[in-house]
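The values are calculated or read from the model by the stated rules, or taken from the named source; none is laboratory data. Worth saying up front: this structure is predicted, and the values here are computed from it rather than measured. With ideal geometry, Cβ positions are generated from the backbone for all residues, glycine too; neighbour counts draw on all protein chains shown. Just so you know, the surface numbers come from the protein's heavy atoms only, side chains and all, with ligands and any DNA or RNA stripped out. Shrake-Rupley method; radii C 1.70, N 1.55, O 1.52, S 1.80 Å.
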Amino acid sequence: MANEIWTIKRCLEWTKEYLAERGEEHPRLSAEWLLCAATGLARIDLYMRMDEALDATQLETMHAAVVRRAKGEPLQYITGSTQFRMIDVACAPGVLIPRPETEMLVEEVLNYLDTEVLSPEAAARQRVELPWNDEVEQARKAEAALADERATAERRAANLTAAEEAALGSDVLGSRAYAEELADREAEEAAAQAAEAEAAQSAEPELDEYGIVIESGDASEGAPLASDAASASEQETAESVEPAPTEPRIARVLEVGCGTGCISLSLAWERRGHVTCTATDIEPRAIDLATKNRDALGLTADEVAFSLTNLVSSIPREEWGTFDVLVSNPPYIPTDVMRSLPHEVKDFEPDLALEGGADGLDIFRRLLNAAPYMLRAGGLFACELYEGALDAAAELCRQAGLSDVRIVRDLTDRPRIVRAIVIEPKQRQ
């Protein structure tokens, strides 16, 4: 056997048959995953290089992986990683493996942030009341009076007979000249107003895809106008409608029970620059793994901060009531259901991250109690839960005074997520 040539094709077919004989539900897919991990190739590359031989190290790695898989160990622990939404996440024994249902939990949070936190802040603009607004109004009234005077002069000149014009002489000529002068000034003012409108339109702030204002350079000074009075009026009018300077809105998310960090890391990665996360876990191996995943993505501790603690115990008092979202995928499997879990879950994944008490809601109740203290008014509380516990969880949210309580179904059309809004935050004495 040691001298035999094992091509990728031969190894793939042998592994598929071996795992199928031992009850593997998807033997070919598992064989592909294991080969990818052993060779470092993508799945499509396996089929492009079927005749390529595996070296001794790859064969040894593949053999050990097949033995582990045949015993029921999850593929994610064997290969050391999995894909979650847009990121690759390292996995390791002792830390819960991310599930597709949790991707939907992230989607719910992102939808809330986009519609309720980020976009409205970027779109809000208001007119600033400046001290010289009254002067601008007076200038406009003076211009209106000047226009009335012009109209009176034109009517007077038009109604004179030739004899009256000859008799009045210079007075009539003066009236007509004055009317013409007023007409010229009015044309200049109309042109200046058109230039002001064009400048105001071009001064609209540029927004990115999330509705956040993109910082730009200093505003232009504006072109000089024909007369001093018109120039002052134009400048004051333009300054009176300048938007108030605002800092870009940064959403704050608190995650409890982070595991691999997949929720917080996805939120910070997919809305980088607009979302920061604080994530906690009681398991040291989870914090170490989540930190490793953060570093692999190039995210910083300012963007996603991990803390080893029990639920929210480590959150400083000054940060209570400042979070926009409290999100969690807590332990939620009812005690009786734990005994019927698949072998690869029950015997390999940590009970601490799975079991949620008699009804699966032990940790959820503690999170629900903490939510009004952690969230600002209008903040979102969202949890992934056991399918049979969603109605009870929703009722608990209503009894706690939360509003807009909703149940979200997963990809298999099972109730999976409860989400609600905190209306009245609380302050612990």
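Return only the number of the condition from (1) surrounded by fewer than 19 Cβ atoms within 10 Å (Cβ to Cβ); (2) touching a strand residue (DSSP E or B) at 6+ places or on another chain (Cβ under 7 Å); (3) more than 23 Å from ARG317 (Cα to Cα) that GLY356 does not satisfy.
So the condition that GLY356 fails would be (1).
Just to be sure before I move on: is SER30 within 36 Å of the chain's Cα centre (by Cα), under 30 Å from ARG409 (Cβ atoms), hydroxyl-bearing (Ser, Thr, Tyr) and open to solvent by 30 Å² or more (accessible area, probe 1.4 Å) in the structure I sent?
Values: within 36 Å of the chain's Cα centre (by Cα): yes; under 30 Å from ARG409 (Cβ atoms): yes; hydroxyl-bearing (Ser, Thr, Tyr): yes; open to solvent by 30 Å² or more (accessible area, probe 1.4 Å): no.
Against the criterion (within 36 Å of the chain's Cα centre (by Cα), under 30 Å from ARG409 (Cβ atoms), hydroxyl-bearing (Ser, Thr, Tyr) and open to solvent by 30 Å² or more (accessible area, probe 1.4 Å)), SER30 does not qualify.
Regarding ASP336, is this residue more than 20 Å from the chain's Cα centre (by Cα) and part of a helix (DSSP H, G or I)?
On the way: more than 20 Å from the chain's Cα centre (by Cα): yes; part of a helix (DSSP H, G or I): yes.
Against the criterion (more than 20 Å from the chain's Cα centre (by Cα) and part of a helix (DSSP H, G or I)), ASP336 qualifies.
With respect to the numbered conditions (1) in a loop (DSSP other than H, G, I, E, B); (2) buried (at least 18 other Cβ atoms within 10 Å of the Cβ), which one is the sole condition not fulfilled by LEU341?
Tallying (1) in a loop (DSSP other than H, G, I, E, B); (2) buried (at least 18 other Cβ atoms within 10 Å of the Cβ), LEU341 fails exactly one: (2).
Kindly indicate which of GLY72, GLY94 is under 30 Å from the mean Cα position of the chain (by Cα) and outside any helix (DSSP H, G or I). Step through it out loud before you land on a result.
On the way: GLY72 fails: under 30 Å from the mean Cα position of the chain (by Cα).
The match here is GLY94.
Looking at the range 3-14, can you tell me whether even one residue there is open to solvent by 40 Å² or more (accessible area, probe 1.4 Å), in a loop (DSSP other than H, G, I, E, B), free of Cβ contacts under 8 Å to residues at least 24 places away in the same chain and closer than 20 Å to ALA90 by Cα?
Filtering the range 3-14 for residues open to solvent by 40 Å² or more (accessible area, probe 1.4 Å) gives 3-5, 9-10, 13-14.
Going one step further and asking which of them are in a loop (DSSP other than H, G, I, E, B), we end up with 3-5.
Now narrow it down to the ones that are free of Cβ contacts under 8 Å to residues at least 24 places away in the same chain: 3-4.
Those still in the list that are closer than 20 Å to ALA90 by Cα too: none.
No: zero hits.
Residue check: is THR291 part of a helix (DSSP H, G or I), of a type in the set (Val, Ile, Thr), open to solvent by 20 Å² or more (accessible area, probe 1.4 Å) and at pLDDT 95 or above? I'd like the intermediate steps shown before the answer.
Numbers: part of a helix (DSSP H, G or I): yes; of a type in the set (Val, Ile, Thr): yes; open to solvent by 20 Å² or more (accessible area, probe 1.4 Å): yes; at pLDDT 95 or above: yes.
Judged against the criteria, THR291 is a match.
Can you tell me which condition ALA56 does not meet? The list is (1) crowded, with 16+ Cβ neighbours inside 10 Å; (2) out of contact with any helix residue (DSSP H, G or I) (no Cβ under 7 Å at 6 or more places or on another chain), and all the others hold.
Answer for ALA56: the failing condition is (1).
Could you grab me the full set of residues in the range 394-415 that are under 19 Å from GLY360 (Cα atoms) and open to solvent by less than 20 Å² (accessible area, probe 1.4 Å)?
ALA394, CYS397, ASP410
Looking only at the range 302-321, how many residues end up being open to solvent by less than 50 Å² (accessible area, probe 1.4 Å) and part of a strand (DSSP E or B)?
Going through the range 302-321 one residue at a time, the tally reaches 4.
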